[in-house]
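S.K.: Mind having a look at this structure? Questions to follow.
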Amino acid sequence: TCIEAGCSLSTLLKATCSRPCPSFAYSYGEGGLVAGTLNRDNLRVHGSSPYITKDVPRFSFGCVGTTYREPIGIAGFGRGVLSLPSQLGFLQKGFSHCFLAFKYANNQNISSPLFMGDTATSSSDNMQFTPMLKSPMFPNYYYIGLEAITVGNVKSAEVPLNLREFDSQGNGGMLIDSGTTYTHLPEPFYSQLLSMLQPMIAYPRATDVERRTGFDLCYEVPCPNNRFTNDPFPSITFHFMNNVSLVLPQANYFYAMSAPTNSTGVKCLLFQSMDDSSYGPAGVFGNFQQQDVKVVYDLEKERIGFQPMDCAAAAISQGLHKN
């Protein structure tokens, strides 16, 4: 990462580089990297009541100057000492989020609800909790165990054990990640899932879009008046440990690639195969599949909860919407 300082390798080796190396570099699970300068300042956060504030002295944060496969702005919510909940003192409590549907991506007037502390972990009656698994390799990440996937009314072939267990080196488990866009599944399980889906879908394949985007299943769907409808794609349900079943909203797995033309549009399956499931996590439950789902990280009881929810309506009810 010292080369990011803008000096030649020879000057770096001789310690004659006129500019210092970045004061921090941080890597992420999917191979991303951020680098820049580390800073400290007083941070003031507001509680559930506007009159309650908390000052965090010497709050550490990074000013990112260089990124590789990562966005410029990212909030760390892992279990490390520099994460946001850790510095705020909520690492023994937990946090929750409810990601807005992607159609709100360019809407500056509404924000996804995010809570930390007691408010986040006070569960409602419809919340389902699955155990939080601990990886000896990546102790700061959050893992859950996947037991099955149901497509329509058909339960998938047996999910490989490495999606809910770790080997002696700490490889395996299903990472639940707010920073990875799509859900990744290991082979050959991923290909088995595609084989289950294909006979259930009668639309013509959009193979040109598949080649262009890298997605494996894309279909041409009718769009009356050039508007997308809720097409009859088979439902997809994820079954996690402790009898937790999460039915995905259809927009979370078959999504439109562009605006429709000539009363036809293209939707693609937003799952991908795991590049190398033999090292690190065996699979990833990505943020696109978490849209319109309240996700609770109960760190005190070491469990993760799911509850389907209209996150936009929740944001409005919690005052996260500008009139």
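S.K.: Which one is farthest from the chain's Cα centre (by Cα) among residues in the stretch 171-211 that are under 23 Å from residue 287 (Cα atoms) and β-branched (Val, Ile, Thr)?
M.R.: 209
Yes/no per residue for (1) open to solvent by 70 Å² or more (accessible area, probe 1.4 Å); (2) hydroxyl-bearing (Ser, Thr, Tyr); (3) more than 30 Å from residue 127 (Cα to Cα):
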{"residue": "208", "(1), (2), (3)": "yes, no, yes"}
{"residue": "221", "(1), (2), (3)": "no, no, yes"}
{"residue": "224", "(1), (2), (3)": "yes, no, yes"}
{"residue": "233", "(1), (2), (3)": "no, no, no"}
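S.K.: Considering only the stretch 78-106, how many residues are within 18 Å of residue 288 (Cβ to Cβ), in a loop (DSSP other than H, G, I, E, B) and open to solvent by less than 60 Å² (accessible area, probe 1.4 Å)?
M.R.: Total satisfying the criteria: 3.
S.K.: Spot the failing condition for residue 197; the list is (1) without any contact (Cβ under 8 Å) to a residue 40 or more places away in the chain; (2) closer than 20 Å to residue 256 by Cα, and only one is missed.
M.R.: With respect to (1) without any contact (Cβ under 8 Å) to a residue 40 or more places away in the chain; (2) closer than 20 Å to residue 256 by Cα, residue 197 is out only on (1).
S.K.: Just one of 282, 315 is in contact with a helix residue (DSSP H, G or I) (Cβ under 7 Å, 6 or more places away or on another chain) and open to solvent by less than 10 Å² (accessible area, probe 1.4 Å); which is it?
M.R.: None of the others qualify; the one that does is 282.
S.K.: Can you confirm whether the stretch 144-163 contains a residue that is within 24 Å of residue 92 (Cα to Cα) and either exposed (fewer than 13 other Cβ atoms within 10 Å of the Cβ) or at pLDDT 95 or above (or both)? I'd like the intermediate steps shown before the answer.
M.R.: Restricting attention to the stretch 144-163, the residues satisfying the condition of being within 24 Å of residue 92 (Cα to Cα) are 144-145.
Now narrow it down to the ones that are either exposed (fewer than 13 other Cβ atoms within 10 Å of the Cβ) or at pLDDT 95 or above (or both): 144-145.
Yes, the stretch 144-163 has at least one match.
S.K.: Right, something else. Scanning for something assigned by the TED database to the domain that holds residue 147, assigned to a loop (DSSP other than H, G, I, E, B), in contact (Cβ under 8 Å) with a residue 12 or more places away in the chain and open to solvent by less than 10 Å² (accessible area, probe 1.4 Å), does the stretch 287-310 turn up at least one residue?
M.R.: No - not one qualifying residue is present in the stretch 287-310.
S.K.: Exactly one of (1) open to solvent by 50 Å² or more (accessible area, probe 1.4 Å); (2) over 19 Å from the mean Cα position of the chain (by Cα) is unmet by residue 139. Its number?
M.R.: Unmet condition: (2).
S.K.: Return the pairs, sorted by first residue and then second, in which the second residue is modelled with pLDDT of 80 or more and surrounded by 10 or more Cβ atoms within 10 Å (Cβ to Cβ), the first residue lies in the stretch 40-51 and is farther than 25 Å from residue 23 by Cα and β-branched (Val, Ile, Thr), the beta carbons are less than 9 Å apart, and the residues are 6+ apart or on different chains.
M.R.: The qualifying pairs are 45/53; 45/54; 45/56; 45/88; 45/116.
The values are calculated or read from the model by the stated rules, or taken from the named source; none is laboratory data. All figures in this text were calculated on a predicted structure; none of them were measured in a lab. A quick note on method: Cβ atoms are made from the backbone with ideal geometry, for glycine too, and the neighbour counts reach across all protein chains shown. Accessible surface is based on the protein model in full, side chains and every heavy atom, while ligands, DNA and RNA are left aside. Shrake-Rupley method; radii C 1.70, N 1.55, O 1.52, S 1.80 Å.
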